[in-house]
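Read the figures in this text as sums done on the coordinates, not as results from a lab. These numbers were taken from a predicted model, which means no experiment stands behind them. Don't worry about glycine lacking a Cβ; one is built from the backbone with ideal geometry, like all the others, and counts go over all protein chains shown.
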């Protein structure tokens with residue numbers, strides 16, 4: 001079961017990484033909230049037929065779907081608006097910082113003290129993010145700042161799914177918090193954007209791709225996968241989305257990075273790996289103890 005979960009999470013990383021291209025296309029048309037809103041609400045509607053019949057949703061699930069939906073709303077809003085002012089590659093790698101922030105949120109919220117390795121990982125990630133964002137010009141881009149703020153909320157979303165969503169049926173939880181996130185995005189979009197911004201065919205194609213693959217399939221598999229895979233394992237695998245975002249941005253959008261920015265990407269990715277290494281060591285230690 002765990003191998004299957006790991007394999008599905010790897011597929012999610014590929015889907016999410018390539019989905020940054022669809023977000024980049026929407027960013028070129030300067031549409032964020034309506035793009036997010038329609039994408040997430042459409043994904044929720046797509047999932048409804050797959051919710052087990054006769055399932056009773058307890059009040060506790062409604063509460064955590066609301067919490068997860070609000071967090072997802074903030075994360076997606078920051079991410080999509082940030083793409084207006086930065087490259088897809090930057091957005092992908094800076095978003096992957098959620099794997100580094102997660103241990104500290106667990107410390108604040110659940111008194112799970114971070115390992116000393118996490119301190120090293122955060123320092124490395126900060127250096128990498130600085131190089132990626134400034135390209136050696138020592139001027140941080142506004143879009144990158146929004147992506148980093150968004151990554152904190154992605155980490156919070158990861159923690160909520162890992163700690164609470166696992167208690168409930170996966171598809172109904174996914175659909176519920178998708179709809180909440182989409183509705184909040186859509187309502188704000190009606191205030192600051194116009195529906196005509198969704199009319200161009202590239203934007204419609206981006207919405208369809210994101211709703212079906214990135215959200216409908218990707219996030220649903222994430223909810224299911226985190227039920228059967230340790231958090232460290234899941235974070236490491238999902239962190240690979242940053243690599244696929246760079247590759248997709250280069251192939252589809254023709255976005256390239258300077259050598260110093262590539263170095264920043266490598267440092268961030270190494271920080272993610274290091275932040276998860278202690279988890280692998282702990283799992284291996286437990287397996288050895290069980291064998292003895």
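Worth a mention:
- Theoretical FRET efficiency, 1/(1+(r/R0)^6), r = Cβ-Cβ of residue 196 and residue 57, R0 51 Å, to 0.05: 0.90
- Its alpha carbons considered, the range 39-195 gives a radius of gyration followed by a Dmax of 17.5, 58 Å.
- Measuring nothing but alpha carbons in the range 85-131 and taking Rh as the Kirkwood radius, the Rg to Rh ratio lands at 1.06.
- Gain upon complete extension [residue 163, residue 187; 0.36 nm per residue less C-alpha separation]: 5.8 nm
- Across the range 1-104, counting alpha-carbon atoms alone, Rg and Dmax equal 16.0, 46 Å.
- Considering all C-alpha pairs of the range 55-136, those separated by over 16 Å amount to 66%.
- Relative contact order, percent, the chain [alpha-carbon distance under 8 Å, six or more residues apart]: 41 percent
- When shorter helices are ignored and each DSSP H run of at least 4 residues is given -39500 (n - 2.57), the per-residue value for the chain at 222 nm works out to -25500 deg cm²/dmol.
- Whole-angstrom Cα spans of the range 150-231 along principal axes, big to small: 43, 23, 23
- Cubic angstrom per residue, convex hull over Cα atoms of the chain: 135 Å³
- Rg over Rh, two decimals, the range 41-96 (C-alpha only, Kirkwood Rh): 1.13
- Per-pair calculated FRET efficiency, R0 = 25 Å: residue 48 and residue 28 via Cβ, rounded to 0.05: 0.20
- Gyration tensor over alpha-carbon atoms, the range 1-52, equivalent ellipsoid semi-axes in Å: 26, 18, 5
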